[in-house]
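Below: one structure, written as structure tokens.
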Amino acid sequence: MSEIVTNYQARADLLNDKIILVTGAGDGIGRVAAKTYAAHGATVILLGRTIPKLEAVYDEIEAAGGAKPAILPVDLSGVKWEELEFLAQGVEQEFGRLDGLLHNASLLGQRTPMANYHYSVWQQVMQVNVNAAFGLTRAMLPLLEESKAASVIFTGSGVGLKGRAYWGAYSVSKFATEGMMQVLADEVDGVSNIRVNSINPGATRTNMRAAAYPAEDPQSVTTPEDIMPTYLYLMGDDSIGVNGKQFNAQS
């Protein structure tokens, strides 16, 4: 059963003093989430593969009066475990803990029948959407344990709840994402200060959406800004005790 908190109104200081890592922070939902978290008091760690985009988000956060962000330029499509360990060490040295982790980065892959799906593309989608998310979570778990109340948010999809033709690796990866969320949530339940949930953003005006639906009018699609109430609720302390739930960001 999906949860909905689209009418949530966050306090201005909801995320004061929190350290939050956002993947895919250079564009789309990740960019807006990073800026929104910073606007509510968080120090945001911007992880992405395109440095100019991350620097632009960095500048926007600083110009808006937010805490000085950090930039982690990482290409999740080829990241090795040793690199993730190194990233965690850097976060530990700089901040000492991690209060939130938003897994936003995803690849769409091909929109084609499985019979035509390229094996290399399938592997790449699984690497970014599933394997890298697992590796980053595992690397950051000790730092999340150092938080008084840490939140891990995975990004799901409607096609990760019910399979749909031609969505291939993306759909399968999102089923895996929901499974990973549920397994980790069950493991930390009652024995950790970490809570783990997932968000299905729904149809949102992003480059990925435009690639998936090229004939769609972008103006007819909800903006990333409009779905931020759910992202704020799950990252802030108002959701302490909420664990293992799947949320829809749109009603």
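Counting only the Cα atoms, segment 74-115 fills a convex hull of 99 Å³ per residue.
A cut-off of 5 Å between modelled amide H atoms, ignoring neighbours fewer than 5 places along the same chain, links residue 72 with 46, 47, 48. For the chain, the longest principal axis of the alpha carbon atoms and the long axis of helix 81-95 meet at an angle near 30°. About its Cα centre, the dipole of the chain is roughly 700 debye, where the only charges are +1 on Lys and Arg Cβ and -1 on Asp and Glu Cβ. Once the mean of 1/r is taken over each pair of separate Cα atoms and inverted, segment 1-86 shows a Kirkwood hydrodynamic radius of 13.7 Å. Considering only the Cα atoms of segment 5-158, their convex hull presents on average a projected area of 10.0 nm².
Under the criterion of Cα pairs below 8 Å and six or more residues apart, the relative contact order for the chain equals 22 percent.
The peptide list 3-13, 70-80, put in order of mean Cβ contacts within 10 Å with the highest first, becomes 70-80, 3-13. Ranking 105, 130, 119 by how far each Cα lies toward the positive end of the dipole of segment 88-149 (charges on Cβ) leaves 119 at the top. The phi torsions of segment 154-159, fed into the Karplus equation with coefficients 6.51, -1.76 and 1.60 and a -60° offset, translate into couplings of 9, 9, x, 6, x, 7 Hz, rounded to whole numbers, with Gly and Pro shown as x. Entry for segment 111-161 at q = 0.19, 0.30 Å⁻¹: log10 I(q)/I(0) = -0.79, -1.15, Debye formula applied to identical alpha-carbon scatterers, no solvent contribution. Shape summary: segment 124-194 maps onto an equivalent ellipsoid whose semi-axes, from the alpha-carbon gyration tensor, are 26, 13, 8 Å in decreasing order.
Treating each Cα of segment 77-181 as one equal point scatterer and applying the Debye formula with no solvent, the log10 of I(q)/I(0) at q = 0.09, 0.10, 0.14, 0.20 Å⁻¹ comes out as -0.27, -0.32, -0.59, -0.97. Beyond 25 Å in Cα-Cα separation lie the following of the pairs 80/162; 53/80; 80/148; 18/174; 35/162: 80/162; 80/148; 18/174; 35/162.
Karplus-derived 3J(HN,Hα) values for segment 100-113, using 6.51 cos²θ - 1.76 cosθ + 1.60 with θ = phi - 60°, are x, 9, 9, 7, 10, 4, 8, 10, 7, x, 9, 9, 7, x Hz; glycine and proline are entered as x. Rg then Dmax, both in Å and based on the Cα atoms of segment 47-117: 15.9, 51.
Any read-out appearing in this document is the output of simple, stated calculations on the displayed coordinates, not a laboratory observation. Predicted model, so just to flag it, every value in this text is computed and none were measured. No Cβ is skipped: glycine too gets one built from the backbone with ideal geometry, and neighbour counts run over all protein chains shown.
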